[in-house]
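Trainee: Sharing a structure below in C-alpha coordinates format, with a few things to ask.
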Amino acid sequence: ASVLAQHGYFVEKDVQKAAELVVEWMKSQGYLAAKLVKINTAISEKPKRAGVRAQAVKLVIYLYEGDQTIVRDVEFAGLTAFAAADVETLLGLDRGKPLNLFAFSEGLETLKGAYRAKGYLSVRIANEGGEDVVRYSEENRIADVRVEINEGFQYRVASIQGEGLVKTAEKVVRRELLLKEGDVLSETEVANCETRLRRLGIFSLVTLRLIDDPSRPDYKIVKISVQEGTPGVLAGGPGFRSDLGFRLFGQTAYTNLWGLNHTLAFTTNINRRVENYRFYEYQGQLAYLYPWFLGDPMMFRPALTISGTQYIRFDATTVNAAVTWERRLVQ
(Lines give C-alpha, C1' and ligand atoms only; values in the text may rest on other atoms or scores of the structure.)
Protein backbone atom coordinates (compact mmCIF):
# COMPACT_ATOMS: atom_id res chain seq x y z
CA ALA A 1 0.00 0.00 0.00
CA SER A 2 0.99 3.63 -0.38
CA VAL A 3 2.50 5.50 2.54
CA LEU A 4 -0.78 7.30 3.17
CA ALA A 5 -2.74 4.03 3.30
CA GLN A 6 -0.14 2.44 5.56
CA HIS A 7 -0.62 5.31 8.02
CA GLY A 8 -4.38 4.88 8.08
CA TYR A 9 -5.48 7.50 5.55
CA PHE A 10 -8.11 6.45 3.05
CA VAL A 11 -7.28 7.19 -0.60
CA GLU A 12 -9.59 5.19 -2.84
CA LYS A 13 -7.20 4.79 -5.80
CA ASP A 14 -4.34 3.79 -3.47
CA VAL A 15 -6.47 1.10 -1.84
CA GLN A 16 -7.51 -0.21 -5.27
CA LYS A 17 -3.90 -0.35 -6.45
CA ALA A 18 -2.76 -2.11 -3.26
CA ALA A 19 -5.45 -4.76 -3.67
CA GLU A 20 -4.43 -5.33 -7.30
CA LEU A 21 -0.82 -5.76 -6.22
CA VAL A 22 -1.90 -8.39 -3.71
CA VAL A 23 -3.61 -10.26 -6.56
CA GLU A 24 -0.41 -10.08 -8.64
CA TRP A 25 1.57 -11.50 -5.72
CA MET A 26 -0.96 -14.33 -5.35
CA LYS A 27 -0.56 -15.15 -9.06
CA SER A 28 3.22 -15.25 -8.62
CA GLN A 29 2.64 -17.92 -5.96
CA GLY A 30 0.84 -20.16 -8.43
CA TYR A 31 -2.75 -18.98 -7.85
CA LEU A 32 -3.23 -18.15 -11.53
CA ALA A 33 -6.98 -17.61 -11.27
CA ALA A 34 -6.72 -15.16 -8.38
CA LYS A 35 -8.74 -11.98 -8.81
CA LEU A 36 -10.09 -9.00 -6.95
CA VAL A 37 -13.83 -9.47 -6.45
CA LYS A 38 -14.94 -6.33 -4.66
CA ILE A 39 -13.93 -3.62 -2.22
CA ASN A 40 -16.62 -2.57 0.22
CA THR A 41 -16.30 0.71 2.07
CA ALA A 42 -18.42 1.61 5.09
CA ILE A 43 -18.14 5.18 6.31
CA SER A 44 -18.85 5.81 9.95
CA GLU A 45 -18.19 8.56 12.43
CA LYS A 46 -16.30 8.06 15.62
CA PRO A 47 -14.89 10.56 18.12
CA LYS A 48 -11.26 11.42 17.55
CA ARG A 49 -10.99 13.40 20.78
CA ALA A 50 -13.36 15.13 23.17
CA GLY A 51 -15.62 17.57 21.37
CA VAL A 52 -14.38 16.64 17.86
CA ARG A 53 -15.84 14.07 15.49
CA ALA A 54 -14.12 12.71 12.39
CA GLN A 55 -15.07 10.26 9.67
CA ALA A 56 -13.59 6.77 9.50
CA VAL A 57 -13.75 4.19 6.72
CA LYS A 58 -14.03 0.45 7.23
CA LEU A 59 -12.67 -1.59 4.30
CA VAL A 60 -13.61 -5.14 3.39
CA ILE A 61 -11.60 -6.51 0.45
CA TYR A 62 -12.96 -9.67 -1.17
CA LEU A 63 -10.38 -11.77 -3.06
CA TYR A 64 -10.82 -14.98 -5.02
CA GLU A 65 -7.84 -17.26 -4.56
CA GLY A 66 -8.61 -20.30 -6.71
CA ASP A 67 -6.43 -23.40 -6.92
CA GLN A 68 -2.65 -23.29 -6.80
CA THR A 69 -0.82 -24.49 -9.90
CA ILE A 70 2.27 -26.64 -9.32
CA VAL A 71 5.04 -27.35 -11.85
CA ARG A 72 5.18 -31.08 -12.46
CA ASP A 73 7.54 -31.46 -15.40
CA VAL A 74 9.91 -29.27 -17.44
CA GLU A 75 11.07 -30.35 -20.88
CA PHE A 76 13.41 -28.72 -23.39
CA ALA A 77 13.77 -29.41 -27.10
CA GLY A 78 16.81 -28.28 -29.11
CA LEU A 79 18.86 -27.40 -26.03
CA THR A 80 22.62 -27.93 -26.50
CA ALA A 81 24.42 -24.74 -25.40
CA PHE A 82 23.34 -24.82 -21.74
CA ALA A 83 22.65 -27.40 -19.08
CA ALA A 84 18.94 -28.04 -18.50
CA ALA A 85 19.24 -27.23 -14.79
CA ASP A 86 20.75 -23.83 -15.58
CA VAL A 87 17.95 -23.02 -18.01
CA GLU A 88 15.32 -23.99 -15.45
CA THR A 89 16.91 -21.51 -13.04
CA LEU A 90 16.89 -18.76 -15.69
CA LEU A 91 13.20 -19.42 -16.36
CA GLY A 92 12.27 -19.41 -12.69
CA LEU A 93 10.96 -22.99 -12.87
CA ASP A 94 11.27 -25.55 -10.09
CA ARG A 95 9.58 -28.93 -10.15
CA GLY A 96 7.11 -29.37 -7.31
CA LYS A 97 6.94 -25.62 -6.69
CA PRO A 98 4.25 -23.08 -7.67
CA LEU A 99 4.23 -21.80 -11.26
CA ASN A 100 5.15 -18.12 -11.50
CA LEU A 101 4.09 -16.97 -14.96
CA PHE A 102 5.58 -13.50 -14.45
CA ALA A 103 9.04 -14.93 -13.70
CA PHE A 104 8.65 -17.43 -16.55
CA SER A 105 7.86 -14.69 -19.08
CA GLU A 106 10.84 -12.60 -17.95
CA GLY A 107 12.97 -15.74 -17.89
CA LEU A 108 12.35 -16.38 -21.59
CA GLU A 109 13.86 -12.97 -22.41
CA THR A 110 16.74 -13.63 -20.02
CA LEU A 111 17.37 -16.97 -21.71
CA LYS A 112 17.49 -15.40 -25.16
CA GLY A 113 19.88 -12.76 -23.84
CA ALA A 114 22.15 -15.47 -22.42
CA TYR A 115 22.20 -17.18 -25.81
CA ARG A 116 23.07 -13.95 -27.63
CA ALA A 117 25.88 -13.36 -25.14
CA LYS A 118 27.37 -16.69 -26.32
CA GLY A 119 27.12 -15.80 -30.00
CA TYR A 120 23.73 -17.33 -30.83
CA LEU A 121 22.40 -14.10 -32.28
CA SER A 122 19.46 -15.63 -34.15
CA VAL A 123 18.13 -17.73 -31.26
CA ARG A 124 14.36 -17.93 -30.88
CA ILE A 125 11.80 -19.83 -28.83
CA ALA A 126 9.87 -21.75 -31.48
CA ASN A 127 6.70 -22.22 -29.43
CA GLU A 128 6.80 -18.91 -27.56
CA GLY A 129 3.28 -17.57 -27.20
CA GLY A 130 1.76 -20.92 -28.14
CA GLU A 131 -0.68 -22.93 -26.10
CA ASP A 132 1.72 -25.87 -25.82
CA VAL A 133 4.37 -23.98 -23.82
CA VAL A 134 2.46 -24.57 -20.60
CA ARG A 135 0.00 -27.47 -20.54
CA TYR A 136 -2.43 -27.64 -17.63
CA SER A 137 -4.15 -30.68 -16.18
CA GLU A 138 -6.21 -31.70 -13.15
CA GLU A 139 -8.32 -28.56 -13.35
CA ASN A 140 -5.28 -26.30 -13.74
CA ARG A 141 -3.63 -27.58 -10.58
CA ILE A 142 -0.75 -29.20 -12.50
CA ALA A 143 1.45 -27.55 -15.16
CA ASP A 144 3.86 -29.22 -17.58
CA VAL A 145 6.27 -26.85 -19.34
CA ARG A 146 7.86 -27.54 -22.72
CA VAL A 147 10.22 -25.02 -24.32
CA GLU A 148 11.32 -25.56 -27.92
CA ILE A 149 14.56 -23.71 -28.63
CA ASN A 150 15.88 -22.96 -32.08
CA GLU A 151 19.48 -22.06 -31.23
CA GLY A 152 20.71 -21.29 -34.75
CA PHE A 153 24.38 -20.70 -35.48
CA GLN A 154 26.97 -19.65 -32.94
CA TYR A 155 28.35 -16.79 -35.00
CA ARG A 156 32.00 -15.82 -35.23
CA VAL A 157 33.77 -12.74 -36.55
CA ALA A 158 34.68 -13.13 -40.23
CA SER A 159 36.36 -9.73 -40.59
CA ILE A 160 36.25 -6.23 -39.20
CA GLN A 161 35.74 -3.39 -41.66
CA GLY A 162 35.73 0.33 -40.97
CA GLU A 163 34.46 3.35 -42.82
CA GLY A 164 34.38 7.07 -42.18
CA LEU A 165 37.99 7.46 -41.02
CA VAL A 166 39.56 10.63 -42.47
CA LYS A 167 42.27 11.86 -40.12
CA THR A 168 42.21 9.06 -37.55
CA ALA A 169 44.49 6.06 -38.02
CA GLU A 170 42.76 2.68 -38.31
CA LYS A 171 44.80 1.23 -35.45
CA VAL A 172 43.16 3.70 -33.05
CA VAL A 173 39.85 1.96 -33.73
CA ARG A 174 41.20 -1.59 -33.79
CA ARG A 175 43.04 -1.36 -30.48
CA GLU A 176 39.78 -0.45 -28.71
CA LEU A 177 37.95 -3.48 -30.07
CA LEU A 178 37.49 -6.47 -27.79
CA LEU A 179 36.65 -8.66 -30.80
CA LYS A 180 39.16 -10.17 -33.20
CA GLU A 181 38.76 -12.19 -36.37
CA GLY A 182 37.63 -15.71 -35.48
CA ASP A 183 36.22 -14.79 -32.05
CA VAL A 184 32.72 -15.76 -30.97
CA LEU A 185 30.45 -12.84 -31.82
CA SER A 186 28.96 -12.03 -28.44
CA GLU A 187 26.21 -9.40 -28.35
CA THR A 188 27.68 -8.12 -25.09
CA GLU A 189 31.13 -7.64 -26.61
CA VAL A 190 29.65 -5.83 -29.62
CA ALA A 191 27.95 -3.34 -27.28
CA ASN A 192 31.18 -2.93 -25.27
CA CYS A 193 33.16 -2.20 -28.42
CA GLU A 194 30.74 0.53 -29.42
CA THR A 195 30.91 2.02 -25.91
CA ARG A 196 34.72 2.06 -25.94
CA LEU A 197 34.83 3.82 -29.30
CA ARG A 198 32.36 6.46 -28.14
CA ARG A 199 34.41 6.99 -24.99
CA LEU A 200 37.42 8.09 -27.04
CA GLY A 201 35.72 11.44 -27.61
CA ILE A 202 37.00 11.91 -31.16
CA PHE A 203 33.94 10.52 -32.96
CA SER A 204 30.58 12.27 -33.13
CA LEU A 205 28.90 9.12 -34.43
CA VAL A 206 29.71 5.41 -33.94
CA THR A 207 27.66 2.56 -35.39
CA LEU A 208 28.42 -1.18 -35.44
CA ARG A 209 26.53 -3.38 -37.90
CA LEU A 210 26.66 -7.14 -38.36
CA ILE A 211 26.54 -8.32 -41.98
CA ASP A 212 26.21 -11.91 -43.15
CA ASP A 213 29.34 -13.45 -44.64
CA PRO A 214 28.30 -14.79 -48.08
CA SER A 215 30.90 -17.57 -48.00
CA ARG A 216 30.30 -18.87 -44.44
CA PRO A 217 26.79 -18.96 -42.96
CA ASP A 218 28.02 -19.06 -39.34
CA TYR A 219 30.25 -15.99 -39.69
CA LYS A 220 29.40 -12.30 -39.76
CA ILE A 221 31.27 -9.22 -40.90
CA VAL A 222 31.55 -6.46 -38.30
CA LYS A 223 31.06 -3.15 -40.07
CA ILE A 224 32.16 -0.09 -38.07
CA SER A 225 30.91 3.28 -39.30
CA VAL A 226 32.27 6.41 -37.62
CA GLN A 227 32.04 10.11 -38.13
CA GLU A 228 34.92 12.19 -36.84
CA GLY A 229 34.10 15.15 -34.64
CA THR A 230 35.84 18.50 -34.35
CA PRO A 231 39.19 17.76 -32.68
CA GLY A 232 40.07 21.34 -31.72
CA VAL A 233 38.84 23.29 -28.70
CA LEU A 234 39.18 27.04 -28.21
CA ALA A 235 37.48 28.67 -25.21
CA GLY A 236 37.90 31.66 -22.96
CA GLY A 237 36.20 34.51 -21.16
CA PRO A 238 36.39 37.19 -18.46
CA GLY A 239 35.43 36.99 -14.81
CA PHE A 240 35.72 38.61 -11.40
CA ARG A 241 36.52 37.34 -7.92
CA SER A 242 36.46 39.45 -4.78
CA ASP A 243 39.91 38.22 -3.72
CA LEU A 244 41.61 37.99 -7.12
CA GLY A 245 39.91 40.85 -8.93
CA PHE A 246 39.33 40.89 -12.66
CA ARG A 247 40.25 37.68 -14.46
CA LEU A 248 40.80 36.40 -17.99
CA PHE A 249 40.95 32.69 -18.67
CA GLY A 250 41.38 30.65 -21.80
CA GLN A 251 41.89 27.14 -23.08
CA THR A 252 43.00 25.63 -26.35
CA ALA A 253 43.41 21.95 -27.13
CA TYR A 254 43.70 19.51 -30.00
CA THR A 255 42.45 16.00 -29.26
CA ASN A 256 43.63 13.97 -32.24
CA LEU A 257 47.26 14.76 -32.96
CA TRP A 258 48.71 12.77 -35.88
CA GLY A 259 45.43 10.87 -36.03
CA LEU A 260 46.47 8.82 -32.98
CA ASN A 261 44.10 10.31 -30.40
CA HIS A 262 46.94 12.17 -28.67
CA THR A 263 45.89 15.41 -26.95
CA LEU A 264 47.84 18.63 -26.45
CA ALA A 265 46.17 21.25 -24.24
CA PHE A 266 47.13 24.69 -22.95
CA THR A 267 45.19 26.56 -20.26
CA THR A 268 45.91 29.98 -18.80
CA ASN A 269 44.51 32.37 -16.19
CA ILE A 270 45.47 36.03 -15.69
CA ASN A 271 44.10 38.28 -12.96
CA ARG A 272 44.62 41.77 -11.55
CA ARG A 273 43.84 42.36 -7.89
CA VAL A 274 41.72 45.37 -6.96
CA GLU A 275 43.50 45.94 -3.63
CA ASN A 276 47.24 45.69 -2.94
CA TYR A 277 47.97 45.34 -6.63
CA ARG A 278 51.65 44.84 -7.47
CA PHE A 279 51.63 42.85 -10.73
CA TYR A 280 49.41 40.73 -12.91
CA GLU A 281 49.13 37.24 -11.49
CA TYR A 282 49.08 34.35 -13.89
CA GLN A 283 48.97 30.59 -14.24
CA GLY A 284 49.57 28.56 -17.36
CA GLN A 285 49.63 24.80 -17.92
CA LEU A 286 50.79 22.79 -20.90
CA ALA A 287 49.60 19.17 -20.79
CA TYR A 288 49.88 16.18 -23.06
CA LEU A 289 47.91 12.93 -23.18
CA TYR A 290 49.48 9.83 -24.73
CA PRO A 291 46.95 6.94 -24.79
CA TRP A 292 48.11 3.36 -25.21
CA PHE A 293 51.60 4.32 -24.07
CA LEU A 294 54.19 1.98 -25.61
CA GLY A 295 51.44 -0.28 -26.98
CA ASP A 296 49.83 -0.89 -23.58
CA PRO A 297 46.30 0.27 -22.58
CA MET A 298 47.84 2.88 -20.27
CA MET A 299 47.61 6.68 -20.48
CA PHE A 300 50.75 8.78 -20.08
CA ARG A 301 50.12 12.37 -18.87
CA PRO A 302 53.06 14.80 -18.59
CA ALA A 303 52.20 18.37 -17.55
CA LEU A 304 54.16 21.61 -17.04
CA THR A 305 52.67 24.40 -14.90
CA ILE A 306 54.06 27.95 -14.44
CA SER A 307 52.45 30.47 -12.09
CA GLY A 308 53.12 33.88 -10.58
CA THR A 309 51.31 34.57 -7.31
CA GLN A 310 51.18 37.63 -5.04
CA TYR A 311 51.14 36.97 -1.30
CA ILE A 312 50.92 39.41 1.62
CA ARG A 313 54.65 39.58 2.37
CA PHE A 314 56.26 38.09 -0.73
CA ASP A 315 55.70 37.18 -4.37
CA ALA A 316 56.36 33.77 -5.86
CA THR A 317 57.03 32.38 -9.31
CA THR A 318 56.71 28.60 -9.39
CA VAL A 319 57.37 25.97 -12.00
CA ASN A 320 55.88 22.53 -11.53
CA ALA A 321 56.39 19.44 -13.70
CA ALA A 322 54.31 16.32 -13.17
CA VAL A 323 54.20 12.94 -14.89
CA THR A 324 51.41 10.43 -14.28
CA TRP A 325 50.41 7.06 -15.68
CA GLU A 326 46.79 5.95 -15.63
CA ARG A 327 45.21 2.62 -16.40
CA ARG A 328 41.53 1.74 -16.30
CA LEU A 329 40.86 -1.08 -13.84
CA VAL A 330 37.32 -1.81 -15.04
CA GLN A 331 36.61 -1.94 -18.77
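The values are calculated or read from the model by the stated rules, or taken from the named source; none is laboratory data. Quick caveat: nothing in here was measured; it's all calculated off a predicted structure. Here the Cβ is made from the backbone with ideal geometry for all residues, glycine too, and neighbour counts use every protein chain on show. Each accessible area value is taken on the protein alone, full model and side chains, heavy atoms only, with ligands, DNA and RNA left out. Shrake-Rupley method; radii C 1.70, N 1.55, O 1.52, S 1.80 Å.
Trainee: Determine how large the accessible area of Phe266 is when every protein chain is in place; take a 1.4 Å probe and give Å² rounded to the nearest 10.
Mentor: 90 Å²
Trainee: Suppose R0 equals 56 Å. What FRET efficiency, 1/(1 + (r/R0)^6) with r the Cβ-Cβ distance, do Leu36 and Ile211 give to the nearest 0.05? Don't skip to the end; give the middle numbers.
Mentor: Details: r = 51 Å, r/R0 = 0.92.
Computed FRET efficiency for Leu36 and Ile211 comes out at 0.65.
Trainee: Reachable lysines from Lys118, Cα under 23 Å, same-chain residues fewer than 8 places away excluded?
Mentor: Lys180, Lys220, Lys223
Trainee: Taking the Cβ of Thr207 as the center, what net charge do the other residues with Cβ under 11 Å away carry, scoring Lys and Arg +1 and Asp and Glu -1? Before the final figure, lay out each step's value.
Mentor: Details: positive: Arg198, Arg209, Lys223; negative: Glu163, Glu194.
Charge balance in the 11 Å sphere: +1.
Trainee: With a/c under 1.5 counting as rounded, go ahead and sort the range 75-175 into rounded, prolate or oblate using the C-alpha gyration tensor (a ≥ b ≥ c being the square roots of the eigenvalues; past the cut-off, prolate if a/b is larger than b/c, else oblate). Mind dumping the intermediate values first?
Mentor: Numbers: a/c = 3.48, a/b = 3.18, b/c = 1.09.
Prolate, since a/c reaches 1.5 and a/b exceeds b/c.
Trainee: Determine the order of Lys27, Lys97, Lys220 by accessible area, beginning with the largest, at a probe radius of 1.4 Å.
Mentor: Working: Lys27 65, Lys97 105, Lys220 25 Å².
I get Lys97, Lys27, Lys220, largest accessible area first.
Trainee: Same structure again: Which of rounded, prolate, oblate describes the chain, given a ≥ b ≥ c as roots of the alpha-carbon gyration tensor eigenvalues and a/c under 1.5 marking rounded, otherwise prolate only if a/b is larger than b/c? Intermediate values should be presented prior to the final figure.
Mentor: Numbers: a/c = 4.11, a/b = 1.44, b/c = 2.85.
Cα axes put the chain in the oblate bin.
Trainee: Also, I was wondering about something else. Ranked from the most accessible area to the least, with a 1.4 Å probe and all protein chains present, what is the order of Tyr290, Tyr155, Tyr62?
Mentor: On the way: Tyr290 70, Tyr155 25, Tyr62 110 Å².
Largest accessible area first, the list is Tyr62, Tyr290, Tyr155.
Trainee: What FRET efficiency, computed as 1/(1 + (r/R0)^6) with R0 = 41 Å and r the Cβ-Cβ distance, is obtained for Ser242 and Asn192, rounded to the nearest 0.05?
Mentor: Working: r = 48 Å, r/R0 = 1.18.
Between Ser242 and Asn192 the formula returns 0.25.
Trainee: Picking from Gln29, Gln161, Gln310, which is most flexible by a Gaussian network model of the chain using Cα springs under 10 Å?
Mentor: Highest fluctuation among the options: Gln310.
Trainee: Okay, next question. How big is the convex hull of the Cα atoms of the range 242-318, per residue, in Å³?
Mentor: On the way: hull volume 8.1 nm³, N = 77.
Measuring per residue, one finds 106 Å³ for the Cα hull of the range 242-318.
Trainee: Using a 1.4 Å probe and ignoring any ligands, DNA or RNA, find the accessible area of Tyr219 and quote it in Å² to the nearest 10.
Mentor: In the full protein context, Tyr219 sits at about 50 Å².
Trainee: Quick check for you: which residues of the range 107-136 have the amide N under 20 Å from the point 7 Å beyond the Cα of Ala81 toward its beta carbon?
Mentor: Label zone hits: 107-129.
Trainee: Order these peptides, 192-200, 113-121, by their mean beta-carbon neighbour count within 10 angstrom, highest first. Walk me through the numbers before you get to the answer.
Mentor: Details: 192-200: 16.0, 113-121: 18.3.
Descending packing order for the listed peptides: 113-121, 192-200.
Trainee: Using only helices, what value at 222 nm comes out for the chain when you add -39,500 (n - 2.57) per DSSP H run of length 4 or more and divide by the total residues, to the nearest 500 deg cm²/dmol? Present the calculation step by step, with values, prior to reporting the outcome.
Mentor: Numbers: 6 runs with 64 residues, N = 331.
Value at 222 nm, helices only: -6000 deg cm²/dmol.
Trainee: Using a basic spin-label model with each label point 7 Å from the Cα along Cα→Cβ, how many nm lie between Val11 and Leu294?
Mentor: 6.3 nm
Trainee: Give, rounded to the nearest 20 debye, the magnitude of the charge dipole that the chain has about its Cα centre when Lys and Arg contribute +1 at Cβ and Asp and Glu contribute -1 at Cβ. Each step should come with its number before you reach the end.
Mentor: Working: 42 positive and 40 negative charges, 357 e Å.
Taking the Cα centre of the chain as origin, the dipole is about 1720 debye.
Trainee: With θ set to phi - 60° and the Karplus curve 6.51 cos²θ - 1.76 cosθ + 1.60, what are the ³J(HN,Hα) couplings of the range 289-306 in order, to the nearest whole Hz, using x for Gly and Pro?
Mentor: Ordered by residue, 3J(HN,Hα) equals 10, 10, x, 6, 5, 6, x, 10, x, 10, 9, 9, 10, x, 8, 10, 10, 10 Hz.
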